[in-house]
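Notes for the one structure printed next.
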Amino acid sequence: MAQEKVYWLLDCRFDFLLPSFIQETGVRKKDIVLVNSYHGKSRAGWNKICIPFETKQSVVQMEPDDMNRLFARLLPLDERAAIISFSGAGLPQNENLFFLTATGKTAETCNDKWWQYNQFAKIQVPTPKTYLYHGFSAVRNQLDNLIEKHKKLIIKKPSLSGGYQMSVLSSEEDFKRYWACTQEEDNGQELLLSEYIPHRQSFASMGVVRREGGSVFIPIITEQVLYRQTAYEGLLFPAFLGEAHKRQIRQMTEKIGKMLGENGYYGFYNVDFVLAEDNQLYAVEINARWGFCTILAACMYGKHFWKAVQGIGTEEIRYPQKRLAIGKIKAKMGRTYAGLESYSSITEWFEREEGSFRTFFCGTDEPEKFVYGSYIGLFGEFFAEEENRMEVLEKFWGNCMGY
């Protein structure tokens, strides 16, 4: 990598990738700058930039796109640099900068859920019926008709991820609660309402659109674990899913990757699906960026990961011999955390295919107050072959919500 400096905009979940990044690229540690809204004690000894500021003993996790936009104001465009980021949205297009994903308007368009809905229709990928409204009053005026037609709806913003500001609506009271939680005025903001598809399982697939053209399927399909049907908390692999449905997911993922490439996107992407009660698969949304499932891909590709995310040698993969779960350790708003202890690491755990790991990003040395975000650490666990889906999920939630 010829760039003089690397700006690492990934959050603490991805720090286990730093050693392989240095090994594979030859970049020196002193030339890497970690950029985020929060840096835990585990990042001591690294060059760091805190965006937008650092609050003493307080954990603030920003949305990646918001952080990108703030960082872009500080980024010198006359020096050669590589930007390793979760998303390309909010970052500039510049010949001096190297990115693993498309940036600027392309990234913002390809992550817009209303744009995705219309693209799904063009390429004939099944997806829930979706409506666009401008402002909360416009939603309220049509809500009764839509609930009568669809019974349940999902309300969300076009560009936010991970279930943030997303909710299930089945009454006007649900809508009022949602509006109050956003703490926003009625100012014509874009809001999407999608029909709720009754389902028991949700899945995610992965792919890469190559910079030079063409796309490849990443041969990993995970089952998503969701809180209250919307908030993403982790994954199971292999998914509890039949081979026929896995083939359908692959076909749709490849079709979507081709469409993204035709619209100027390059880089990693994943697609969320639900399996309806009538056994029909629906594509829910595209995440034209890295995601939580990228963590599992990094474990399975090992040091080859940095080539795989560019679409090179994606079949060179190591599958675990046991079922596993990886998830977020959830924090509680306003709680102060201290004395938390990590054990093992995700890399060691995956290599030995045994037991569990737990890694905390805050509250390990001094008391830190949790202000905003969705996690304070990561956990993972391998399961015995005879354990069924309900047993696995029960253990997942015990790890996720135990703090």
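Peptides 326-334, 219-227, 240-248 ordered by packing proxy, namely the average of other Cβ atoms within 10 Å per residue, highest first: 219-227, 326-334, 240-248. Calculated FRET efficiency, Lys41 to Lys303, Cβ-Cβ distance, R0 = 41 Å: about 0.95 to the nearest 0.05.
Could you work out how much longer the chain between Leu77 and Ala338 gets when fully extended? Use 0.36 nm per residue separation minus the Cα distance between them, nm to one decimal.
Result for the pair: 89.9 nm of gain on full extension.
Label sites at Ser345 and Arg250, each approximated as a point 7 angstrom past Cα along Cα to Cβ, lie 3.4 nm apart. Extension gain, Lys105 to Asp31: 0.36 nm times the residue separation minus the Cα-Cα distance gives 23.8 nm. The phi-based Karplus calculation (6.51 cos²θ - 1.76 cosθ + 1.60; θ = phi - 60°) puts the 3J(HN,Hα) values of segment 83-92 at 10, 9, 10, 5, 9, x, 5, x, 9, x Hz, whole numbers, x for Gly and Pro.
When the trypsin sites (Lys or Arg not before Pro) in segment 350-403 are filtered for DSSP coil states and for at most 11 other beta-carbon atoms within 10 Å of their beta-carbon, no site remains.
Tell me the per residue accessible area of segment 169-285 using a 1.4 Å probe; a whole number in Å² is fine.
Values: 5050 Å² over 117 residues.
Value returned for segment 169-285: 43 Å² of accessible area per residue.
Taking amide H atoms as placed 1.01 Å from N in the peptide plane, the amide H of Met62 lies under 5 Å from those of Ser37, each 5 or more residues away in sequence or on another chain. Mean residue ellipticity, 222 nm, helices only, the chain: the sum of -39500 (n - 2.57) across DSSP H runs of n ≥ 4, divided by residue count and rounded to 500, is -8500 deg cm²/dmol. Using 0.36 nm per residue and subtracting the Cα-Cα separation, the extra length available between Asn141 and Phe98 on full extension is 10.8 nm.
Taken along the Cα-to-beta-carbon direction at a fixed 7 Å, the label points for Glu391 and Ile123 span 3.9 nm.
Near Ala82, the amide H atoms lying under 5 Å from its own belong to Lys5, Val6, Tyr7, Phe98; only residues 5 or more places off or on other chains count, and H is placed 1.01 Å from N. Consider a paramagnetic label point 7 Å from the Cα of Asp186 along Cα→Cβ; state which residues of segment 135-155 have an amide N under 17 Å from it. Backbone N within reach: 135-146. Expressed as a whole percent, the accessible surface of segment 1-129 that belongs to carbon and sulfur atoms is 49, based on a 1.4 Å probe.
Note on Glu354 and Arg211: with the Förster distance fixed at 35 Å, the Cβ-Cβ geometry gives a FRET efficiency of about 0.35.
Checking the a/c ratio against 1.5 first, then a/b against b/c, what shape does the Cα gyration tensor give for segment 1-103? Mind showing how you got there, number by number?
On the way: a/c = 1.74, a/b = 1.16, b/c = 1.49.
Because a/c hits 1.5 or more and a/b fails to exceed b/c, segment 1-103 counts as oblate.
If you take the Cα centroid of segment 206-264 and the Cα centroid of segment 278-325, the two points sit 8 Å apart.
The values are calculated or read from the model by the stated rules, or taken from the named source; none is laboratory data. Predicted model only: the values in this text are computed from it and were never measured. Positions of Cβ are backbone-derived with ideal geometry, glycine not excepted, and every protein chain shown enters the neighbour counts. Please note that ligands, DNA and RNA were not included when accessible areas were found on the heavy atoms of the full protein model with its side chains. Shrake-Rupley method; radii C 1.70, N 1.55, O 1.52, S 1.80 Å.
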